[in-house]
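These notes are about the structure you will find just below.
The values are calculated or read from the model by the stated rules, or taken from the named source; none is laboratory data. Fair warning: this is a prediction, and the values are worked out from it, not measured in the lab. Cβ coordinates were reconstructed from backbone atoms using ideal geometry, including for glycine residues, and neighbour counts include every protein chain displayed.
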Amino acid sequence: MSSTRAGAAAIVALSVAAAALIVVIHGPARPAAEAATPGALTLSAPLPDGPPPPGASLVIGDPMTQRVLERTGWIRRLPFKVTWAAITGGPAVTEAFHARVLDVGAAADIPPIHATWLGMPVRIIAVRLRRDPWSHPLYEIATSPKSGVRTLSDLRGKRIAFSPGQVQGEVVLRTLAAVGLTRRDVTLVELPSTGGDLYANALAGGVVDAAPIGAGLQASRYLAKYGAVGGRVLPHAPFRDDLTVLYVRAKTLEDPAKAAALRAYVQLWARAAAWEKIHPAELARAYYVDDQGLAPAEAAATVAAGGEPDIPTDWSLAIGMEQAAADVMARDVGRPRLDAAQLFDRRFEHVAAEAAASEEADEGVSRLAAR
């Protein structure tokens with residue numbers, strides 16, 4: 001075990017510089033108690049109607065939506081002052097919440113759960129799924145060239161990269177359960193997936209035998225580099241991993257001006273998602289080529305692997321998915337059971353869906369008019 005920890009530490013050290021580019025924020029493990037603000041909006045009160053008041057502002061960590069709003073020109077429609085933060089991924093978002101330097105961020109399903117267990121009350125204000133999620137998973141299981149793992153059942157006795165605060169951790173635990181294994185049947189090597197190549201480097205360096213990596217481009221690059229010497233990429237067990245959300249500190253929603261600004265942002269966020277579905281080539285160019293630096297072919301493949309976004313009108317499915325994730329993590333990581341429904345602020349449930357439907361309708365009218 002000591003050698004495994006040493007190897008893991010070395011891999012983490014190599015990723016420090018990359019992680020620093022994501023966020024350079026440090027805060028306490030548990031935030032100090034925040035006093036109620038006079039005039040605060042309760043979490044059960046209706047959201048403010050109309051535009052935010054003058055002076056309203058948000059700090060937003062949602063780079064893809066930022067690029068889409070810039071590409072479409074809709075960024076000028078934001079009726080509040082916005083500061084964009086180059087913060088991606090649940091751990092970075094939650095860390096920024098702890099430091100109180102971020103109002104809203106995007107992540108997969110586990111980070112809001114993990115934040116709650118760390119003592120940070122958060123609420124989910126928008127939900128995004130994928131159409132045909134079985135053909136467009138977020139993650140797959142990659143294996144080290146020398147691991148000898150050919151099927152998921154071969155994971156018994158192996159070392160697996162594991163991040164308890166990210167969806168990758170859920171992918172590992174649910175995959176083990178699907179093939180009749182528990183965490184006692186493997187060695188979980190705790191590695192946060194903070195850098196794009198961290199898990200690939202851990203696999204190549206023999207620190208771990210298996211790791212969840214991004215489906216699509218990341219998996220293709222791994223196979224191109226290590227497939228000839230025995231590296232493999234396997235589909236994880238059949239469960240949905242496509243839930244992504246916008247989430248905020250619960251305290252942020254008590255500020256009427258920020259609540260109104262968040263309502264306005266969720267509307268444009270949803271219109272951006274609808275635009276992505278209709279304009280995949282432009283999305284590839286605006287975000288993956290111009291912002292992320294991918295080659296055009298890689299960008300197109302990444303968009304195709306992601307499938308079409310689905311902004312649901314009813315959050316029941318998403319709540320069920322969040323509950324399943326919370327139950328898996330609570331059981332295997334030793335956390336108390338969590339009522340996932342309490343994480344969702346259902347005042348926002350129809351805000352995004354109506355905006356997305358409106359954008360699709362507008363696009364349809366525009367296309368008819370152009371004929």
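So the values come out like this:
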quantity	calculated
Matching residues in the range 308-327 - criterion: being small (G, A, S) and crowded, with 19+ Cβ neighbours inside 10 Å	A318, A325, A326
Subset of the range 187-218 [of a type in the set (D, E, K, R) and either out of contact with any strand residue (DSSP E or B) (no Cβ under 7 Å at 6 or more places or on another chain) or farther than 9 Å from F162 by Cα (or both)]	D197, D209
For E170: the one exception among (1) in a loop (DSSP other than H, G, I, E, B); (2) modelled with pLDDT under 95; (3) touching an Asp or Glu at 6+ places or on another chain (Cβ under 9 Å); (4) more than 15 Å from Y226 (Cα to Cα)	(1)
Among (1) outside the structural domain of D62 (by TED's automatic domain parsing); (2) touching a helix residue (DSSP H, G or I) at 6+ places or on another chain (Cβ under 9 Å) - the single one A259 does not satisfy	(1)
Number of the condition not met by F239 [criteria: (1) part of a helix (DSSP H, G or I); (2) of a type outside the set (S, T, N, Q); (3) modelled with pLDDT under 95]	(1)
Residue count for the range 179-193, restricted to those that are modelled with pLDDT under 95 and either touching a His at 6+ places or on another chain (Cβ under 8 Å) or acidic (D, E) (or both)	1
Some residue of the range 243-265 being assigned to a helix (DSSP H, G or I) and either within 27 Å of T302 (Cβ to Cβ) or of a type in the set (F, W, Y) (or both)	yes
Cross-chain or 6+ apart pairs with Cβ under 8 Å, the range 339-357 first and of a type in the set (A, V, I, L, M), then assigned to a strand (DSSP E or B)	L343/V122; L343/R123; L343/I124; L343/Y247; V351/A126; A352/A126; A352/V127
Candidates R347, R335 - the one that is over 30 Å from A284 (Cα atoms) and not in a helix (DSSP H, G or I)	R335
Qualifying residues in the range 97-112 (those that are crowded, with 23+ Cβ neighbours inside 10 Å and part of a helix (DSSP H, G or I)) - the one farthest from the chain's Cα centre (by Cα)	F97
V82, sole failed condition from (1) modelled with pLDDT of 95 or more; (2) closer than 30 Å to V186 by Cα; (3) not basic (K, R)	(2)
Single condition S153 does not satisfy, out of (1) among the polar types (S, T, N, Q); (2) in contact with a helix residue (DSSP H, G or I) (Cβ under 9 Å, 6 or more places away or on another chain); (3) not in a loop (DSSP other than H, G, I, E, B)	(2)
Test for A297: is it part of a helix (DSSP H, G or I), out of contact with any Phe, Trp or Tyr (no Cβ under 7 Å at 6 or more places or on another chain) and surrounded by fewer than 20 Cβ atoms within 10 Å (Cβ to Cβ)	yes
Considering residues of the range 197-248 that are acidic (D, E) and crowded, with 20+ Cβ neighbours inside 10 Å only, the residue farthest from I87 (Cα to Cα)	D209
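For (1) in contact with a helix residue (DSSP H, G or I) (Cβ under 6 Å, 6 or more places away or on another chain); (2) modelled with pLDDT of 50 or more; (3) outside any loop (DSSP other than H, G, I, E, B), each residue gets a yes or a no:
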{"residue": "L14", "(1), (2), (3)": "no, no, yes"}
{"residue": "A18", "(1), (2), (3)": "no, no, yes"}
{"residue": "H26", "(1), (2), (3)": "no, no, no"}
{"residue": "A29", "(1), (2), (3)": "no, no, no"}
{"residue": "A36", "(1), (2), (3)": "no, yes, no"}
{"residue": "T42", "(1), (2), (3)": "no, yes, no"}
{"residue": "P54", "(1), (2), (3)": "no, yes, no"}
{"residue": "Q66", "(1), (2), (3)": "no, yes, yes"}
